[in-house]
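A short worksheet on the structure shown next.
The values are calculated or read from the model by the stated rules, or taken from the named source; none is laboratory data. These figures come from a predicted structure and were not determined experimentally. Methodologically, a virtual Cβ is constructed for each residue, glycine included, from the backbone with ideal geometry; neighbour enumeration extends over all protein chains shown.
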Amino acid sequence: MDKSLIVALVAACASLLVATIGLAATIVANRRSNKNAATIENLKHSLLEASKAREIEDSHLSQSVEGLAQGMQAIQNLKDEILLILGSIEDSLPSAMALQRVESAREILFDSFEKNHPALNRTEEIALHKAKNLAHAIQQLLIAELHNMSFSSELSPDARSRLTEFRLGLTESQNVLRDSRNERILRRVIGPSMP
């Protein structure tokens, strides 16, 4: 056999071997590329799902924090009305106006409970419900005490003492709501690792 023929056959075999290796490398690379593309798509899907879950969590957090803030504000309004009654001096606050102001504050508190209790946890709901019950008791006390009086400054010492106790009870409920709100916000900022 001629040397040039042998060289040509060796070169052809080498080319065939290189082409086969190239083909195998291309097939392997293509498989890896497809696998990587699938992994990237799965990662995108996971990130999208996590993003949607985060949006839902943020929406729920926003609703619950807003509900807690409204509850605290409604309680504060009632506490302010009690303080106004307790601090009234002679002839400064007519009984009818005091009753009207307390009724208005009570209604705001009742509305806050009805609107927001679905977004609250059990502890928060109990605290806001307790405040609602105290609002009702305050209103009933004032109706009973002020029905024959012209001015709220004429309240008996016993009624004043009970109003002060009721106000302290409202403060306790308000503190539970405040602490819960702060804890929710802190958990969101720090993450679920918080105790």
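General observations
- Residues being among the basic types (K, R) and either at pLDDT 90 or above or in contact with a His (Cβ under 7 Å, 6 or more places away or on another chain) (or both) - total across region 150-190: 5
- The number of residues in region 138-159 being assigned to a helix (DSSP H, G or I) and surrounded by fewer than 15 Cβ atoms within 10 Å (Cβ to Cβ) comes to 5.
- Residue selected from region 160-176 under the condition closer than 28 Å to I143 by Cα and hydrophobic (A, V, I, L, M, F, W, C), by the criterion surrounded by the fewest Cβ atoms within 10 Å (Cβ to Cβ): L168
- Scanning region 104-125 for residues that are within 20 Å of I138 (Cβ to Cβ) and either among the hydrophobic types (A, V, I, L, M, F, W, C) or surrounded by fewer than 15 Cβ atoms within 10 Å (Cβ to Cβ) (or both) turns up S104, A105, E107, I108, L109, F110, D111, F113, E114.
- Qualifying residues in region 78-101 (those that are of a type in the set (V, I, T) and part of a helix (DSSP H, G or I)) - the one farthest from G169 (Cα to Cα): I85
- Filter result for V189 (in a helix (DSSP H, G or I), without any contact (Cβ under 8 Å) to a residue 40 or more places away in the chain and among the aliphatic types (A, V, I, L, M)): yes
- Exactly one residue among L83, L109 is within 26 Å of S150 (Cα to Cα) and modelled with pLDDT of 90 or more, and that residue is L83.
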